[in-house]
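Heads up: the structure comes next, in structure tokens.
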Amino acid sequence: AELVWTVVAQPKHRFILWLAEQRRLLTKERLANMHIRVEDGICCLCDGQQIETTMHLFVECDWFKQVSLKILTWADVQLLLGEVKQVLESIKAKHWKPFKKEIVAAIWRVVIYHTWRARNWKKFKHTIVQADIVIVQIKKEIVERLDLLKLSKKSHRCRGYIQNLNCH
């Protein structure tokens, strides 16, 4: 839980990740389980004809896989994709400096947030959000957020890692 509420992430990213971790996002499956009528239960982000669940959106969805793989490669991080809570636990268990863990958790948060946002744009605005555009946006948000925190004591401990993110 401590990696959810760090200052590295923006509040909107923290909130969506917290909802995803608790399985409280209103996915089509969850809405159907609450007896709320949904036109179809299929994920609108990928062409996989899979039921839209939290697990599908943030692990199995081809759109999500494309975005997360490119972002994790950019961040020079290897994570086993799994449920949101499992990924946070694996970050916590890494032998990294605490601030690097916060940065990687923040990166993960932004990917989750933008996946949920892309899903909502497709569902409610009928707008297809291209994965490549989201990847650029995520990188920009991470670099800008780290730039705001560059004078903190914590950031000096991960100066090299932060510089690498800025260079890519």
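Miscellaneous remarks
- When we screen TRP121, TRP74 for residues that are aromatic (Phe, Trp, Tyr) and more than 21 Å from CYS46 (Cβ to Cβ), the only hit is TRP74.
- For the stretch 1-21, filtering for residues that are surrounded by fewer than 12 Cβ atoms within 10 Å (Cβ to Cβ) and at pLDDT 90 or above leaves 0.
- Scanning the stretch 136-168 for residues that are small (Gly, Ala, Ser) and touching a helix residue (DSSP H, G or I) at 6+ places or on another chain (Cβ under 9 Å) gives SER152, SER155.
- Enumeration of residues in the stretch 137-165 that are exposed (fewer than 12 other Cβ atoms within 10 Å of the Cβ) and within 20 Å of LEU69 (Cα to Cα): LYS140
- If only residues of the stretch 48-67 that are assigned to a loop (DSSP other than H, G, I, E, B) and within 16 Å of the chain's Cα centre (by Cα) are counted, the one that is farthest from LYS150 (Cα to Cα) is THR53.
- Selection count where residues are over 30 Å from SER155 (Cα atoms), not aliphatic (A, V, I, L, M) and not in a loop (DSSP other than H, G, I, E, B), scope the stretch 1-47: 4
- Checking the stated criteria, THR115 turns out to be within 30 Å of ASP47 (Cα to Cα) and touching a Phe, Trp or Tyr at 6+ places or on another chain (Cβ under 7 Å).
- When residues of the stretch 97-126 are limited to those that are among the aliphatic types (A, V, I, L, M) and within 16 Å of GLU21 (Cβ to Cβ), the one farthest from the chain's Cα centre (by Cα): VAL104
- Of all the listed residues (LYS70, LYS94, LYS139), the sole one being free of Cβ contacts under 8 Å to residues at least 60 places away in the same chain and more than 11 Å from the chain's Cα centre (by Cα) is LYS94.
- Candidate set: the stretch 22-45, residues that are surrounded by fewer than 16 Cβ atoms within 10 Å (Cβ to Cβ) and acidic (Asp, Glu); chosen: the one modelled with the lowest pLDDT: GLU39
The values are calculated or read from the model by the stated rules, or taken from the named source; none is laboratory data. Everything quoted here is computed from the prediction, not taken from an experiment. Virtual Cβ from ideal backbone geometry, glycine too; neighbours counted across all protein chains shown.
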